[in-house]
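So the structure is just underneath, and the comments pick up after that.
Just so it is clear, none of the values below were taken in a lab; they were calculated from the coordinates. On a predicted model such as this, the values are computed, not experimentally measured, just so you know. Counting neighbours? That spans all protein chains shown, and the Cβs are built from the backbone with ideal geometry, glycine included.
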């Protein structure tokens with residue numbers, strides 16, 4: 001839904017105003033530093049407690065304890081954005097067409113919207129920890145649809161202004177947070193007492209939460225500094241192009257996030273049960289599934305970026321200004337997606353140090369490079385640094401992790417889980433790009449790219465060991481089932497046939 005409505009937002013508001021919306025997204029990400037690891041902590045603890053008997057009261061007390069802290073942070077964030085809005089509007093964002101007063105008013109509404117949406121991650125983490133992903137997805141899909149349609153209707157029929165857009169974000173964010181909160185509390189096991197704030201529970205999870213805070217802080221610097229620098233150094237229009245390309249490349253996270261959401265609680269449970277062999281099997285199976293889900297999509301989008309952006313926006317100027325950015329950013333996002341599951345194993349064991357130290361080294365090495373690349377090459381320089389960052393994680397994080405956890409499995413990860421799907425996707429997509437006809441209509445181009453995507457997905461899936469084995473097993477099962485039913489049918493016919 002977010003992808004579907006972005007071209008309409010640009011049509012009603014203009015690319016500069018969309019830059020403000022992009023800054024809104026960046027600001028939300030910046031404040032993840034204040035999450036203090038509580039969202040991941042709740043997810044992990046509820047997943048662990050859910051397989052233990054008689055833990056209902058403890059689970060409810062944990063939610064209440066962390067909930068109070070989280071809402072306090074949300075109020076603080078909202079007040080902070082409101083107070084610093086004059087400074088941001090006057091000295092930070094560089095606009096040619098929007099007045100300082102307009103931007104300041106938008107920033108105030110933005111702060112309120114962020115405050116209402118902030119606790120959503122906390123409640124979502126708890127709901128996913130209970131493995132109620134289906135309910136979570138149903139609510140989020142419905143609200144996302146309502147969010148997009150409502151924004152377009154307001155911009156179209158009421159007021160095509162950035163203030164109207166953020167006013168709607170306030171309403172829908174509060175509604176979304178309340179709905180997810182009610183769903184979490186409804187699905188928690190019953191307790192003997194009313195849920196209460198428990199300092200002892202807070203102490204028991206604080207070590208893991210502190211580690212997650214350190215990871216969040218370093219990850220924040222690595223993932224958001226490019227946007228912060230570009231918002232200061234580039235005109236708002238150019239920054240709008242970068243954020244549009246970033247939104248297009250972020251389509252991969254719509255595939256990555258559901259897999260991570262579904263599998264992390266299972267990792268936590270298997271570690272709690274100390275079943276390493278089953279964990280290893282699940283790890284490789286889900287890593288290969290992740291590869292066939294994101295690598296074909298990433299390679300196709302990277303190679304057909306101009307055509308995709310032209311079809312999506314309908315504007316050749318926008319497509320020309322964003323296509324290379326999309327190609328570089330989607331490669332970085334794909335690598336980032338692949339490293340999620342090895343990081344999930346580390347979090348399942350409560351080992352937060354490795355991710356933190358690798359992030360810290362990355363900051364010391366890559367941040368100076370990022371500043372230089374942005375200064376000389378602008379947005380393209382930032383996208384290249386994003387690729388280098390994730391290549392470093394693929395090399396160092398995976399190698400070091402498998403020396404201590406799931407020992408010796410790293411080469412299988414490189415070869416089977418990632419290497420084979422990547423090579424196959426690159427070969428098939430390159431052939432499809434080479435055969436792309438010239439001077440065809442947008443509709444024909446869209447059908448062609450969809451066909452190439454489907455072929456790449458199928459061939460990559462068949463080439464991946466676990467998926468191929470699953471296909472063979474299922475085919476063998478269905479063949480034997482059909483044959484058995486056929487034999488039963490013949491026997492029955494013989495019995496009832498007249499002599």
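The relative contact order of the range 231-463, computed from alpha carbon pairs under 8 Å that lie at least 6 residues apart in sequence, is 28 percent. Percent of Cα pairs in the range 1-197 per distance bin of 5 Å, from zero to the largest separation: 1, 7, 14, 18, 17, 14, 10, 8, 5, 3, 1, 0, 0.
Peptides 7-18, 153-164, 283-294, 63-74, ordered by how many other C-beta atoms sit within 10 Å of their residues on average, highest first, read 283-294, 7-18, 63-74, 153-164.
Kirkwood radius for the chain, taken over all pairs of different Cα atoms as the inverse mean of 1/r, rounds to 24.7 Å.
Translational diffusion of the range 197-353, estimated by Stokes-Einstein from the Kirkwood radius over alpha carbon pairs at 10 °C in a medium of 1.306 mPa s, is 89 µm² per second. The alpha-carbon atoms of the range 322-377 define a convex hull whose volume equals 74 cubic angstrom per residue. Residue order for 168, 411, 118, fewest other beta carbons within 10 angstrom first, comes to 411, 168, 118.
When the Cα convex hull of the range 324-426 is projected onto planes of every orientation, the mean area is 6.9 nm². Counted residue by residue at 0.36 nm each, then reduced by the alpha carbon distance between them, the extension gain from residue 157 to residue 187 reaches 6.9 nm.
For the range 231-463, the normalised intensity computed at q = 0.07, 0.10 Å⁻¹ comes to -0.26, -0.52 (log10 of I(q)/I(0), Debye sum over alpha carbons, equal scatterers, no solvent). For the range 111-264, the alpha carbon positions stretch 55, 38, 29 Å along the principal axes, listed from largest to smallest. Take every pair of alpha-carbon atoms less than 8 Å apart whose residues are at least six positions apart; their mean separation over the length of the range 357-452 yields a relative contact order of 17 percent. For the range 205-277, the Kirkwood hydrodynamic radius comes to 15.5 Å, computed from all pairs of different C-alpha atoms.
For the range 83-169, evaluate the Debye formula with one uniform point scatterer on each Cα (no solvent term) and list log10 I(q)/I(0) at q = 0.13, 0.17 Å⁻¹, rounded to two decimals. Debye output, listed in q order: -0.59, -0.84. Per residue, the chain reaches -27500 deg cm²/dmol at 222 nm when only DSSP H runs of four or more residues are counted, each adding -39500 (n - 2.57).
Take every pair of alpha-carbon atoms less than 8 Å apart whose residues are at least six positions apart; their mean separation over the length of the range 1-197 yields a relative contact order of 35 percent.
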